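Please read the structure below before turning to the comments.
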Amino acid sequence: MHSFKIRLLAIPFAAALALATTASAQDAFAASDANGDGALDSAEFVTFINIAAKAGRGQAKKVAANNMYGRAFARVDKNQDGRIAPGEVAALQ
Ligand SMILES: [Ca+2]
Ligand SMILES: [Ca+2]
């Protein structure tokens, strides 16, 4: 019984792991948008980069390895409104 309960709780984590290896930018975006407002703030953007890096995206790997999240955020946030919209991450490979 206990293990069954733990398994159920583990599903979101397993889904996140699956995302880490197969994520499209859209999937990673949705997974990173913790408050569900359809945009990424700086903290959510860190999650996005980490997912993208684990998925093998070279640019994201570089950002994560060099802890350049802030600089990457500024560069990706083209309209400089402090939020990353879905269209803005399209440039990030
Ligand atoms: Ca958000
Ligand atoms: Ca923006």
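State whether the residues of the stretch 71-92 include one that is away from ligand 2 (no atom under 16 Å from the Cβ) and surrounded by 15 or more Cβ atoms within 10 Å (Cβ to Cβ). Reasoning before the result, please.
From the stretch 71-92, those away from ligand 2 (no atom under 16 Å from the Cβ) are none; that's our starting set.
No, the stretch 71-92 contains no residue that is away from ligand 2 (no atom under 16 Å from the Cβ) and surrounded by 15 or more Cβ atoms within 10 Å (Cβ to Cβ).
Just checking, does the stretch 21-34 include any residue being modelled with pLDDT under 90, within 16 Å of ligand 1 (Cβ to nearest atom) and surrounded by fewer than 18 Cβ atoms within 10 Å (Cβ to Cβ)?
Applying the first criterion (modelled with pLDDT under 90) to the stretch 21-34 yields 21-28.
Next cut, within 16 Å of ligand 1 (Cβ to nearest atom) only: 25-28.
Filter again for surrounded by fewer than 18 Cβ atoms within 10 Å (Cβ to Cβ), leaving 26-27.
Looking through the stretch 21-34, at least one residue is modelled with pLDDT under 90, within 16 Å of ligand 1 (Cβ to nearest atom) and surrounded by fewer than 18 Cβ atoms within 10 Å (Cβ to Cβ).
Among all residue pairs at least 6 apart or on different chains, which show Cβ distances below 9 Å where the first residue, located in the stretch 44-57, is within 16 Å of ligand 2 (Cβ to nearest atom) and modelled with pLDDT of 90 or more and the second is β-branched (Val, Ile, Thr) and part of a helix (DSSP H, G or I)?
So the pair list comes out as 45/76; 45/89; 48/89; 49/63.
Look at residue 60 and say whether it is modelled with pLDDT of 55 or more, closer than 15 Å to residue 89 by Cβ and more than 16 Å from ligand 2 (Cβ to nearest atom). Working first, answer last.
Values: modelled with pLDDT of 55 or more: yes; closer than 15 Å to residue 89 by Cβ: yes; more than 16 Å from ligand 2 (Cβ to nearest atom): yes.
Yes.
List every residue pair whose Cβ atoms sit under 6 Å apart, with the two residues 6 or more apart in sequence or on different chains, where the first one lies in the stretch 32-43 and is more than 13 Å from ligand 2 (Cβ to nearest atom) and the second, anywhere, is among the β-branched types (Val, Ile, Thr).
32/47
The values are calculated or read from the model by the stated rules, or taken from the named source; none is laboratory data. Just so it is clear, the model here is predicted, and its values are computed rather than measured. Neighbour counts run over all protein chains shown; Cβ positions are idealised from the backbone, glycine included.
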